[in-house]
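Following: one structure in structure tokens, then a few remarks.
Nothing in this text is a laboratory measurement; each read-out follows from the coordinates by a stated rule. All values reported here derive from a predicted model rather than from experimental measurement. Every residue, glycine as well, gets a Cβ built from its backbone with ideal geometry; the counts of neighbours run over all protein chains shown.
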Amino acid sequence: MVEEEVEEACHCVLRPTFRPVCKLVRVQLWSDGWQDEEFGVEVERVPTSCLMKVVDSCVRNDDMTFLHSYDDLDLIAGHASLGLEVLEAVPDPDVVVVCCGGGGLLAGVAAALRLSGSSRTRIYGVEPEGACTMYQSFLEERPVAMETKSIASGLAPPSAGSLPYQLCRRHVDQIVLVSDEEIRAAVSALYRSGLVVEPSGAAAFAAVLAGDRIPDLAGRSVVCILSGGNMGKDELARFPD
């Protein structure tokens with residue numbers, strides 16, 4: 001999100017073109033609510049390869065302030081509250097599995113668990129095979145950027161975040177990958193159980209469901225984070241079962 005001071009009534013939300021239309025519509029409806037209050041939010045779709053150039057232009061030419069969607073310390077601290085909620089529900093989990101895109105959610109949850117004393121908990125991040133920025137960052141020992149494409153559009157940013165990478169390297173045991181087909185199967189399995197979870201939110205469950213991505217789960221206390229239910233009827237109809 002790119003945002004200027006409220007008094008100037010000039011705000012802009014930039015979204016990659018590959019994101020599902022239902023998400024764009026919901027952001028636009030939300031922004032219309034802002035416009036009713038004369039905040040004036042503009043929603044713009046931008047190709048991923050040009051996204052940061054447009055952000056830089058908004059900051060430089062329109063005097064806006066860039067609010068990053070995952071590479072931001074305050075945002076990561078907010079995500080850490082989910083880690084604290086996990087510990088309230090399961091005080092000593094053996095395994096915690098979290099989806100990973102730019103890494104903000106995973107970094108926050110992992111830091112909260114470790115800094116709360118969960119040293120023996122195994123923490124796994126899960127990325128799509130076609131958008132494995134954090135996985136590749138672990139291999140290269142630095143945050144990397146790459147062309148990404150996945151049915152899990154919320155996990156397909158152009159790069160891993162710098163702050164999330166540092167925290168994930170410190171607190172996360174391993175990043176594992178799942179295919180789009182495995183994510184589809186996970187979405188369908190959750191739907192049959194009465195849960196509507198978008199592909200990005202179902203990636204962690206896909207890794208658990210696969211059976212061979214995360215070792216030694218039998219008899220363990222396992223927490224799998226499901227994050228996000230932004231699924232329109234048209235998108236849901238494309239999934240099996």
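In percent, what relative contact order does the stretch 177-241 have, based on Cα pairs under 8 Å that are 6 or more apart in sequence?
Reported as a whole number, the value is 41 percent.
Arrange the peptides 195-203, 214-222 so that the one whose residues have, on average, the most other Cβ atoms within 10 Å appears first.
Packing order, densest peptide first, comes out as 195-203, 214-222.
Considering all alpha-carbon pairs of the stretch 102-241, what whole percent are spaced by more than 21 angstrom?
42
Work out how much length R120 to F66 would gain on full extension: take 0.36 nm times their residue separation and subtract the Cα-Cα distance, in nm to one decimal.
15.7 nm
What are the residues whose amide H is under 5 Å from the amide H of R122, where those residues sit 5 or more places off or on another chain and H is modelled from the backbone?
V95, V96
Quick one: which residues, 5+ away or cross-chain, put their amide H under 5 Å from the amide H of I175? H built at 1.01 Å from N.
G125
Dividing the Cα radius of gyration by the Kirkwood radius, what Rg/Rh value follows for the stretch 156-211?
Computed over Cα atoms, the ratio is 1.06.
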